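Here the structure comes first, spelled out in structure tokens, and everything after it is commentary.
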Amino acid sequence: MAGLLAVALCAATLAPGPAPDAHPAVARLDGPVPLRLGDEGTSRDAGRSDLTQEAEAAAAQAFADAARAAERQRMREQAAAKTAGAPDSTVPAIPVQPPGGTSEQNRELGRFMTLEYGWDEGQFDCLDRIWSQESNWQTTAENPSSGAYGIPQSLPASKMASAGDDWRTNPATQIEWGLGYIDDVYGTPCSAWEFKSSHGWY
């Protein structure tokens with residue numbers, strides 16, 4: 001009996017069970033494939049990588065644009081320096097306002113300011129005739145009978161205060177007021193000269 005029991009146990013042990021899968025490493029999938037650990041992080045990393053590449057490209061473009069702008073500025077400055085040093089430069093020099101003081105200096109200042117005002121050389125010639133007769137371009141010229149004062153012979157003299165507090169001694173202030181007066185009353189110095197030629201005053 002004991003021998004039969006041992007044989008039975010042995011047979012049961014050696015009996016073949018259900019056949020294993022031919023490929024145990026391959027899982028049978030009846031549903032969606034689950035994300036493996038690390039797949040989600042890899043996707044995020046890919047997104048960050050794209051953003052990083054875009055940022056790096058934008059930074060490189062900005063650097064290139066700045067470099068080109070700096071080079072253009074350097075070339076402009078270099079060209080300006082060459083032009084400034086060239087004795088035969090065709091670039092017109094910016095006129096500098098001459099100082100006033102003497103009658104001749106005041107006259108040159110008047111010419112400069114007349115052209116700056118927008119009138120031409122012909123209009124300055126008319127202005128020169130008027131003020132040469134009125135004051136000989138002297139800042140402190142004063143008519144003893146009427147009290148007219150300054151280069152344009154303002155009457156009363158204090159009218160020139162509208163152009164500046166230094167109207168008594170500054171030729172530029174007097175000329176500025178005189179040009180405005182002629183513009184307002186006559187339109188142009190030549191129209192003022194025509195009136196003065198007929199009336200003896202303007």
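The values are calculated or read from the model by the stated rules, or taken from the named source; none is laboratory data. If you're wondering where the values come from, they're calculated on a predicted model, not measured in any experiment. FYI the Cβ positions are ideal-geometry reconstructions off the backbone, even for glycines, and counts take in every protein chain you see.
Quick notes
- Test result for Trp167, in a loop (DSSP other than H, G, I, E, B), touching a Phe, Trp or Tyr at 6+ places or on another chain (Cβ under 9 Å), surrounded by 13 or more Cβ atoms within 10 Å (Cβ to Cβ) and not hydroxyl-bearing (Ser, Thr, Tyr): yes
- Taken together, Ser198, Ser162 contain a single residue that is without any contact (Cβ under 8 Å) to a residue 24 or more places away in the chain and either of a type in the set (A, V, I, L, M) or under 21 Å from Gly100 (Cα atoms) (or both), which is Ser162.
- Test for Ser154: is it of a type in the set (S, T, N, Q), farther than 23 Å from Glu121 by Cβ and within 39 Å of the chain's Cα centre (by Cα): no
- Leu115 passes every criterion in (1) surrounded by 10 or more Cβ atoms within 10 Å (Cβ to Cβ); (2) modelled with pLDDT under 80 apart from (2).
- Qualifying residue in region 137-147 (condition: within 17 Å of Glu194 (Cα to Cα) and either modelled with pLDDT of 95 or more or over 39 Å from the mean Cα position of the chain (by Cα) (or both)): no
- Screening Gly200 with (1) on the phi < 0 side of the Ramachandran plot; (2) over 44 Å from the mean Cα position of the chain (by Cα) gives one miss only, at (1).
- Pick from region 118-156, criterion within 20 Å of Thr169 (Cβ to Cβ) and of a type in the set (A, V, I, L, M, F, W, C), ranking: surrounded by the most Cβ atoms within 10 Å (Cβ to Cβ): Ile151
- Residue tally, condition assigned to a helix (DSSP H, G or I) and not hydroxyl-bearing (Ser, Thr, Tyr), over region 121-157: 14
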